[in-house]
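Take a look at the structure set out below.
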2 protein chains.
Amino acid sequence: MPLRLSTRTNDFAARFAELLAMKREVSEEVSQTVKAIGAEVIARGDDAVIELTARFDKLTLTPATMRVSADEIAQAIAACDARTLEALKLAAERIHSYHLRQRPRDDRFTDALGVELGYRWTAIEAVGLYVPGGTAAYPSSVLMNAIPAKVAGCPRIVMVVPAPGGVLNPLVLAAADLAGVDEVYRIGGAQAVFALAHGTATIKPVAKIMGPGNAFVAAAKRQVFGTVGIDMIAGPSEVLVIADKTANPDWIAADLLAQAEHDTAAQSLLITDDPTLGDAVVAAVERQLVTLPRADIAGTSWRDYGAVIEVANLDEAVPLADRIAAEHLEIIAEDAEGLAARIRNAGAIFLGGHTPEAIGDYVGGSNHVLPTARSARFSSGLGVLDFMKRTSLLKCGPEQLRALGPAAIALGEAEGLDAHARSVAIRMNLG
Amino acid sequence: MPLRLSTRTNDFAARFAELLAMKREVSEEVSQTVKAIGAEVIARGDDAVIELTARFDKLTLTPATMRVSADEIAQAIAACDARTLEALKLAAERIHSYHLRQRPRDDRFTDALGVELGYRWTAIEAVGLYVPGGTAAYPSSVLMNAIPAKVAGCPRIVMVVPAPGGVLNPLVLAAADLAGVDEVYRIGGAQAVFALAHGTATIKPVAKIMGPGNAFVAAAKRQVFGTVGIDMIAGPSEVLVIADKTANPDWIAADLLAQAEHDTAAQSLLITDDPTLGDAVVAAVERQLVTLPRADIAGTSWRDYGAVIEVANLDEAVPLADRIAAEHLEIIAEDAEGLAARIRNAGAIFLGGHTPEAIGDYVGGSNHVLPTARSARFSSGLGVLDFMKRTSLLKCGPEQLRALGPAAIALGEAEGLDAHARSVAIRMNLG
């Protein structure tokens, strides 16, 4: 059974704090192994990648077969179920449209002194996208990572995906093609991350690496950070549903289970002001679990980390939701919009009973790569800006330098940086 | 003498690659020490912070005296030199104006299907700003970190600054006051970072920690990342000047030295198509070094990491500048604007002979916290967005769910996530 809390009980504050502090993930200590893999790849490039792929993926590659050919991609697409392919195209179009609106504007202006200022956004020159192999090879995630890169204008998008025993998921290749990925390599693990960051004879280096992976991939991303940029380190997924008596308990139960089926470390939470609804949802979860293919995973997640929190009224839900800072927040209540406007911390908000989070996972258009494990307090879902960077611009003429120079000299001197002061003074003939 | 390279020589590619690969920083291995400090602060809060401050800063504190009082700040301001204070005010105003233009717009729209989409930006609820003590206590950096937080709308800005032997820089306190910092604590080192991240009885936790620091501070930031957000880990600073025959060699020399005086690991580079200018700059650096208070530091940086690169024409400078990806890029050439437009990777660009980088450090208005060590390939200078996060919004009604549902169900099933598919189907009466 999931945890049941109520703000009406005296121990609520302590029990809610415990819920927030729950560690849902055991961090495997793999950094030494990963360091050794990195040293191999940096020293021996392709040779090391090929050896490590043979060892870990039971796959024999050559520099020539490392890359997935255009023919193979075409064959994979031909092998895909037509209905699924159509769904993938719809998803790609909607993700593209949504992200187009995130393209930032440059700025350039002249201030009252005549100083020209501004900034300019440019796309990152090459990005790498890590796609996990096996059961976690999600074509939807390929779209969610690659399309914003394309919209940003990245000229080179490189995907790596392990092919254990040589097997690749055709839908993953179809998604890469749809999203405009430029190069696909059938390698994975820490070795693929180091190959992307440092380059090999076959794979030119990229400037930033995105995408989820196992503990080895996460450790490799941490280690190459600095050499290249990385996105967030993804943690286990979570959903918070805030609901009142207008909500359908069966629908909520389905949404809680959709989150729980991801991973035994996923977390599904419900906050409601209606005790009857809470009971009905708990019962509906049990009923729906019975016929779920991934019942083991979902059931474990729900029992270990699920919780139903009863509040006196939905105003109380606002500060709780901000502390939970859920990756996904569904609000199924009369005043869903009003509540949403008052909540500061959430990766994505799904409004009303007809917006199950799964719509957002696939075809809503917004990004499904979202901040997990309470990080929505300080970070955002993936977007176009993650594939761009901003350069600031400054231009003074002689007059502007005369106007601003004395203050710059005063501050340079106050900070003990005389060469700073002089670099200004020398242009004002005070040097 | 600095390195002299020329694209006309056969070994240029190799020597340029060596220049890029130069390690300018020895990374101290302090992570175990920092881990122990973190465990202490997490377990014992204020008591641990007070003990560690006594040990490292030779300063006896109580929970009550940890915070710098409003009276002390007022007294510090009164003790500041009036001219410096005016300069600081001018800087604060200009930084404020520049960053106001970076405030992002929310988006909300309804697509052709009637799906409501959008995103909303919100300020991070509490941010911590680390300010180094001693000689590296730069009031300008307080402005550069705190003002964008204020512009973003962060309701709580907390500053920590070590006070070795009890001494604080009055200008740093004046800058904190000007910038609107809400709380100032006289603590520093790894213990201050852990106190900000995890909170103590006296210091409420923050959600993101910004600001530069020594190896212990950097290691602590890496360790708390995840619990809170962090900004970049700052590396040694660098400038690249691209200049043609129209440039004044004395001015360039002054700019190269302004960079070099920061740190022996700083790097000053010149690319020019005019060999005479190259020689003249090298000679001018030597002349100017003689009378520079920080000649030791600047001279070491220039000898160890400085370089003059001669190119056949400034077109050749563009790809070199992109590979260098300098934190600061000055372009002093006839077609400065044209060159700037073609360069992808730079933290900040300073256009023309009358825009020494030191203007940007203090009073230009743009931010001086910029990506170092080639990271301008994938990251941006500090800005308002670093203090905000984006929540995506999605709202479907029954019709929109019917339109998008089948594709979401198809993709959920294709990914083996049946509960995802069901959470949609149950609302379409297909479940």
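Any read-out appearing in this document is the output of simple, stated calculations on the displayed coordinates, not a laboratory observation. Not measured: the values here are computed from a predicted model. Glycine also receives a Cβ, built like all others from the backbone with ideal geometry; neighbour counts cover every protein chain displayed.
If the label for A:Ala43 sits 7 angstrom from Cα along the Cα-to-Cβ line, what are its distances to the same label in every other copy, in nm to one decimal, shortest first?
3.9
Return A:Val281, B:Val151 ranked ascending by Cβ neighbour count within 10 Å, so the fewest neighbours appear first. Let's see the in-between values first.
On the way: A:Val281 28, B:Val151 23.
Fewest-to-most Cβ neighbours within 10 Å comes out as B:Val151, A:Val281.
Please list the equivalent ellipsoid semi-axes of the range B:31-230, computed as the square roots of five times the alpha-carbon gyration tensor eigenvalues, in descending order and whole angstrom. Can you show the working numbers first?
Numbers: eigenvalues 193, 115, 33 Å².
Ellipsoid semi-axes (Å, largest first): 31, 24, 13.
Mind sorting B:Thr62, A:Thr110 by how few other Cβ atoms lie within 10 Å of their own Cβ, fewest first? Please report the intermediate quantities before stating the final value.
On the way: B:Thr62 9, A:Thr110 12.
In increasing order of surrounding Cβ atoms, one gets B:Thr62, A:Thr110.
Please compute the Cα-Cα pair-distance distribution of chain A with 20 Å bins starting at 0, giving whole percents from short to long.
Bins of 20 Å from zero give 23, 46, 27, 5, 0 percent of pairs.
Does the range A:214-293 come out rounded, prolate or oblate, given a ≥ b ≥ c as the square roots of the eigenvalues of its C-alpha gyration tensor, rounded meaning a/c under 1.5 and, failing that, prolate meaning a/b above b/c?
On the way: a/c = 4.79, a/b = 2.44, b/c = 1.96.
It comes out prolate by the Cα gyration axes.
In peptide B:221-232, what is the residue-averaged number of other protein chain Cβ atoms found within 10 Å of each Cβ?
Numbers: counts 0, 2, 0, 0, 5, 7, 5, 4, 6, 1, 0, 3.
Per-residue shielding by partner chains comes out at 3.
Under the rule a/c < 1.5 gives rounded, and otherwise a/b versus b/c splits prolate from oblate, where does the range A:295-431 land using the Cα gyration tensor? Present the calculation step by step, with values, prior to reporting the outcome.
On the way: a/c = 3.31, a/b = 3.00, b/c = 1.10.
Here the range A:295-431 falls in the prolate category.
Consider the operator that turns chain A into chain B: which A residue has a Cβ nearest its axis, and what is that gap in Å?
A:Leu385, 4
Volume per residue, Å³, of the convex hull around the alpha-carbon atoms of the range B:34-114?
On the way: hull volume 20.6 nm³, N = 81.
Considering the Cα atoms of the range B:34-114, their hull volume per residue is 254 Å³.
So which lysines pass the test for A:Lys89, namely a Cα distance under 19 Å, with those fewer than 8 places away in the same chain ruled out?
Answer for A:Lys89, where 19 Å is the Cα cut-off: A:Lys150, listed by chain and number.
Rank the residues A:Arg4, B:Arg108, B:Arg186 as a footprinting-exposure proxy: fewest other Cβ atoms within 10 Å of their Cβ go first. Mind dumping the intermediate values first?
Numbers: A:Arg4 16, B:Arg108 11, B:Arg186 24.
So the ranking, lowest neighbour count to highest, is B:Arg108, A:Arg4, B:Arg186.
Quantify how strongly other chains surround peptide B:240-251 by giving the mean number of their Cβ atoms within 10 Å of each of its Cβ atoms. Spell out each step's value before the answer.
Details: counts 0, 0, 0, 0, 0, 0, 0, 0, 2, 0, 3, 5.
Per residue, the average neighbour count from other chains is 1.
Give me the percent relative contact order of the range B:209-313, please, defined on Cα pairs under 8 angstrom at least 6 residues apart. Can you show the working numbers first?
On the way: 158 pairs, mean separation 29.2, N = 105.
Rounded, it is 28 percent for the range B:209-313.
How large, in Å, is the protein assembly as shown by the Kirkwood hydrodynamic radius built from its alpha-carbon pairs?
Numbers: mean 1/r = 0.0351 Å⁻¹.
Answer for the protein assembly as shown: a Kirkwood hydrodynamic radius of 28.5 Å.
How would you rank B:126-132, B:112-118, highest first, on the average number of other Cβ atoms within 10 Å across their residues? Working shown, then result.
Values: B:126-132: 26.4, B:112-118: 16.3.
Ranked from most to least packed, the peptides come out as B:126-132, B:112-118.
Work out the mean other chain Cβ neighbour count within 10 Å for the residues of B:294-304 and drop it here as an integer. Provide the component values of the computation, followed by the final result.
Values: counts 5, 2, 0, 1, 2, 0, 0, 0, 0, 0, 0.
Average per residue, whole number: 1.
At A:Ala112, label 7 Å along Cα→Cβ: distances to the other copies, nm, ascending?
Reported distances to equivalent positions: 4.9 nm.
Hey, got the dipole for chain A? About the Cα centre, +1 on K and R Cβ, -1 on D and E Cβ, debye to the nearest 20?
Details: 40 positive and 52 negative charges, 285 e Å.
For this selection, approximately 1360 debye.
Rounded if a/c is under 1.5, else prolate if a/b beats b/c, else oblate: with a ≥ b ≥ c from the C-alpha gyration tensor eigenvalues square-rooted, which is the range A:299-360? Kindly include the intermediate steps, with their values, before the conclusion.
Numbers: a/c = 1.58, a/b = 1.19, b/c = 1.32.
Note, shape of the range A:299-360 comes out oblate.
Given the options B:Leu417, B:Leu404, B:Leu19, which has the most mean-square fluctuation in a GNM of chain B, springs set between C-alpha atoms less than 10 angstrom apart?
Largest GNM mean-square fluctuation: B:Leu417.
Using a Förster distance of 30 Å, how high is the FRET efficiency between A:Lys89 and A:Glu337, based on the Cβ-Cβ distance and rounded to 0.05?
Values: r = 31 Å, r/R0 = 1.05.
For A:Lys89 and A:Glu337, the calculated efficiency is 0.45.
Run down the lysines and flag those whose C-alpha is under 26 Å from the C-alpha of A:Lys58, throwing out any fewer than 8 positions away in its chain.
The qualifying lysines are A:Lys35, A:Lys204, A:Lys221.
Among A:Glu18, A:Glu261, A:Glu357, determine the one that fluctuates most according to a GNM of chain A built with springs between C-alpha atoms less than 10 Å apart.
A:Glu18
List, shortest first and in nm to one decimal, how far the label point of A:Gly397 (7 Å from Cα along Cα→Cβ) is from its counterparts in the other copies.
5.7
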